1. Give just the number: which of (1) in contact with a Cys (Cβ under 8 Å, 6 or more places away or on another chain); (2) part of a loop (DSSP other than H, G, I, E, B) does Gln316 not satisfy?
2. Specify which of the listed residues (Arg295, Arg299, Arg270) is of a type in the set (Lys, Arg), surrounded by fewer than 22 Cβ atoms within 10 Å (Cβ to Cβ) and in contact (Cβ under 8 Å) with a residue 60 or more places away in the chain.
3. Can you tell me which of (1) among the aromatic types (Phe, Trp, Tyr); (2) farther than 22 Å from Ile220 by Cβ; (3) more than 16 Å from the chain's Cα centre (by Cα) is the one Tyr273 doesn't meet?
4. Hey, which of the helices (runs of 4 or more DSSP H) in the stretch 1-76, taking only ones fully inside, have at least 2 residues that are in contact with a Lys or Arg (Cβ under 8 Å, 6 or more places away or on another chain) and crowded, with 22+ Cβ neighbours inside 10 Å?
5. Taking Gly403, is it touching a helix residue (DSSP H, G or I) at 6+ places or on another chain (Cβ under 6 Å) and not assigned by the TED database to the domain that holds Gln252?
6. Looking at Val351, Val312, which one is crowded, with 19+ Cβ neighbours inside 10 Å and either over 21 Å from Gly255 (Cα atoms) or of a type in the set (A, V, I, L, M, F, W, C) (or both)?
7. Failed condition for Pro238, given (1) within 29 Å of Ser319 (Cα to Cα); (2) open to solvent by less than 40 Å² (accessible area, probe 1.4 Å); (3) modelled with pLDDT under 95, with all others met?
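The values are calculated or read from the model by the stated rules, or taken from the named source; none is laboratory data. Since the model is a prediction, treat every value here as computed from it, not as a measurement. Don't worry about glycine lacking a Cβ; one is built from the backbone with ideal geometry, like all the others, and counts go over all protein chains shown. What goes into the accessible areas is simple: the full protein's heavy atoms, side chains included, and nothing from ligands, DNA or RNA. Shrake-Rupley method; radii C 1.70, N 1.55, O 1.52, S 1.80 Å.
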Amino acid sequence: MSDKNRIVLAYSGGLDTSVAIPYLKDRTGKDVVAVSLDVGQGGESLETIKERALACGAVEAYVVDARNEFADEYCMLALKANAMYEGVYPLVSAISRPLITKHLVRAAHQFGADTIAHGCTGKGNDQVRFEVSIQSIDPTLKAISPIRDLSLTRDVEIAYAKEHQLPIVQTEKSPYSIDQNVWGRAIETGFLEDPWNGPTKDCYAYTDDPAFPPVEDEVIIEFKQGVPVKIDGRDVTPLQAIEEMNRRAGAQGIGRIDLIEDRLVGIKSRELYECPGAVALITAHQELENCCLEREQHRIKRDIDKRWGELVYDAQWFSPAVKSLNAFIEDTQQYVSGEIRMILHGGRAVVTGRRSETSLYDYNLATYDSGDSFDQNASNGFIEIYGLPTRVAAARDVKFGNGIEVPDNTVE
């Protein structure tokens, strides 16, 4: 049974959501349960965030270290799908929202709430991701946003915090809006809203300047069925693989992205991203797929990968369409096992070696040297049959005067 006097709040520990706890109580008359997840965003400990939520008036504080869950079940699926929205963005925020929502709904069930609150604005993508995900998991729950629905602007928040003596240390506000987790970092607003303005050094935290790189870094990543399991011969979990590649690729300035992006809500926005580990791992994974996927399967998967990224960006993580695509993607990973060697240097991750027992690359078929096992005489018949439809069509064109004109190069 739901308790109509409780709201579950997605709580970050910052000013916005800290003020939202008593503000929601005042405006709605409902008690607030704060929910906080660690998805590798860094910063304060979960215990500190929990204590602040309770001090701000939350009746309960639900906190969970979800880093491994996020890496295992969300980042790895994005990796298998080579997920790059609009060809460049590894879906940093889009893949974390379904996980956060799952825990929000779990907390609502645990603490008997009928409403979930989030801190999104009215023109961003995340409001849609949270609310569509909530509806997908439990359509009986309601969703609200204090900033969007209750006119909770920053000046109102600051005045409210002072008036109610909330335990919030007010620091100088960053000129940017930042969302980050272990898969990457998203930076927007402020100075960046003018698309002519170039990024400044203070925009970046996960990557160093690629113009001044350290010596090149050679890395060997071993995959098993599409998942990284070893780096330079050392066993790693998915989380450890992402964290190590964040560090090593980030030191080389890899994964900086500057994009005019088509948002789900219909507007274009200027976005900066830092995704060193994600970009390096996807680069390696794609190259291993080049070796291990059959040609037509590979062609189809490239289309599926693009569509998967678009659907997940568009808040469809729990949709029947994505569920079906997941089944196809998972099936393709059966033989995506082996090692990729890369050089990380100056903003680029360059593959220099591939090795796999399940590769479809056959040296004896590919070589032009002695030992070539490819029957070149077979190509005559292949070309005859393959070109038959074109030859028949061309004959018809000639018959009706529509043949391709060949320039006359006769010298007078």
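1. Gln316 satisfies all of (1) in contact with a Cys (Cβ under 8 Å, 6 or more places away or on another chain); (2) part of a loop (DSSP other than H, G, I, E, B) except (1).
2. The conditions single out Arg270.
3. With respect to (1) among the aromatic types (Phe, Trp, Tyr); (2) farther than 22 Å from Ile220 by Cβ; (3) more than 16 Å from the chain's Cα centre (by Cα), Tyr273 is out only on (3).
4. Of the helices (runs of 4 or more DSSP H) lying wholly inside the stretch 1-76, those with at least 2 residues that are in contact with a Lys or Arg (Cβ under 8 Å, 6 or more places away or on another chain) and crowded, with 22+ Cβ neighbours inside 10 Å span 15-28.
5. Taking the combined requirement at face value, the residue satisfies it.
6. Of the residues listed, the single one that is crowded, with 19+ Cβ neighbours inside 10 Å and either over 21 Å from Gly255 (Cα atoms) or of a type in the set (A, V, I, L, M, F, W, C) (or both) is Val312.
7. Just one mismatch for Pro238, condition (3).
Here's the yes/no breakdown for (1) surrounded by fewer than 19 Cβ atoms within 10 Å (Cβ to Cβ); (2) in contact (Cβ under 8 Å) with a residue 60 or more places away in the chain:
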{"site": "Ile147", "(1), (2)": "no, yes"}
{"site": "Asp155", "(1), (2)": "yes, no"}
{"site": "His164", "(1), (2)": "yes, yes"}
{"site": "Ile178", "(1), (2)": "yes, no"}
{"site": "Val182", "(1), (2)": "no, yes"}
{"site": "Tyr204", "(1), (2)": "yes, yes"}
{"site": "Gln225", "(1), (2)": "yes, yes"}
{"site": "Ala249", "(1), (2)": "no, yes"}
